[in-house]
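Worksheet: one structure, shown below.
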Amino acid sequence: YPSDPKTKVFVKKSIRRNQNLTFLRKSWKPVQILMKKRKLS
């Protein structure tokens with residue numbers, strides 16, 4: 001679940017490391033926000 005703290009940390013680290021995110025649900029709002037931040041930095 002996107003609101004689960006462990007999931008949030010995992011997704012955040014994965015995005016930061018530019019790992020393959022094919023398994024990730026990009027429709028989740030928290031994921032969209034993290035990915036947008038990653039693109040801007």
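The values are calculated or read from the model by the stated rules, or taken from the named source; none is laboratory data. Every value quoted in this text rests on a predicted model; they were computed, and no experiment measured them. Don't worry about glycine lacking a Cβ; one is built from the backbone with ideal geometry, like all the others, and counts go over all protein chains shown.
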Residue within segment 19-38 that is touching a residue at least 24 places away in the same chain (Cβ under 8 Å), assigned to a helix (DSSP H, G or I) and exposed (fewer than 12 other Cβ atoms within 10 Å of the Cβ) present
yes
Only one of these conditions is not met by Lys13: (1) surrounded by 12 or more Cβ atoms within 10 Å (Cβ to Cβ); (2) modelled with pLDDT of 80 or more. Which number is it?
(1)
